[in-house]
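Worksheet: the structure to be examined is printed underneath.
The values are calculated or read from the model by the stated rules, or taken from the named source; none is laboratory data. Just so we're clear, the structure is a prediction, and the values are computed from it rather than from any experiment. So basically every Cβ, Gly included, is an ideal-geometry build from the backbone, and we count neighbours across all protein chains shown. Ligands, DNA and RNA are stripped out before the accessible areas are found, and what is left, the full protein with its side chains, is counted by its heavy atoms. Shrake-Rupley method; radii C 1.70, N 1.55, O 1.52, S 1.80 Å.
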Amino acid sequence: MAPDVLERWLEEVVATPGVTALADLEGARRMLLDDALRAVPLVTATAGPVVDVGSGGGSPGLPLAVTLPARSFTLLEAERRKCLFLERFAADLPNADVVWGRAEEHSVETYGVALAKALAKPPVAVELCLPLVRPGGVLILWLGESADREQVARAAGVLCGSLEEEMDGLATVRKVGPTPPGYPRRPGVAKKRPLA
């Protein structure tokens, strides 16, 4: 059943206007499915429920939920239209739930793992995601070649996080203590006034 969900999802991601800019199935498979599955070893290394912040069209959350059926996944998305799209596929996965909302208004210190792929500039993504992770958990961040790793480390440090390692464009930020008072900041503030 699950592989069928992924094939149907890939076809509909490409066919549905406004979900992705990718226009062909093979490009979508490479960028949305294969790229998401690179994180499997990092996700499995830390216990607890997983949140995909800004899930958009469903990557990386849906491919990882299919691949790791014993883990609980929350696909957190602020756009209602994209939530409706995600719900069509999450309905076939007993371990995946879609939540319409913003990271800044979501429950803090709830998850073992947070995922951020193409969510925002890396320091902003750190601020949006790390408060959702409980101490001992991790944020897995997809970084582009031009991402400033020092900025990521500084933003993580403000939020009791430590940039641990990077493997092929995937960075792991470990939550080493509780979320400091005042975080998360109000919606939109992280983008207007990044921590680094």
For region 154-168: of the residues being touching a residue at least 40 places away in the same chain (Cβ under 8 Å) and surrounded by 13 or more Cβ atoms within 10 Å (Cβ to Cβ), which is farthest from the chain's Cα centre (by Cα)? Arg154
In region 169-181, anything open to solvent by 60 Å² or more (accessible area, probe 1.4 Å) and either of a type in the set (S, T, N, Q) or within 23 Å of Gly101 (Cα to Cα) (or both) is listed as Pro178, Pro181
Name the single residue, out of those in region 107-126 being over 16 Å from Ala190 (Cβ atoms) and in contact with an Asp or Glu (Cβ under 9 Å, 6 or more places away or on another chain), that is most open to solvent (accessible area, probe 1.4 Å). Lys117
Counting just the residues of region 130-144 that are of a type outside the set (Gly, Ala, Ser) and part of a strand (DSSP E or B), which one comes out most open to solvent (accessible area, probe 1.4 Å)? Arg134
Kindly provide the set of residues from region 1-16 that are assigned to a helix (DSSP H, G or I) and at pLDDT 75 or above, ordered by number. Asp4, Val5, Leu6, Glu7, Arg8, Trp9, Leu10, Glu11, Glu12, Val13, Val14, Ala15
For region 84-106, indicate whether the set of residues that are closer than 28 Å to Gly182 by Cβ and crowded, with 22+ Cβ neighbours inside 10 Å is non-empty. yes
In contact with a Leu (Cβ under 6 Å, 6 or more places away or on another chain), under 27 Å from Cys160 (Cβ atoms) and charged (D, E, K, R) - does that describe any residue in region 64-72? no
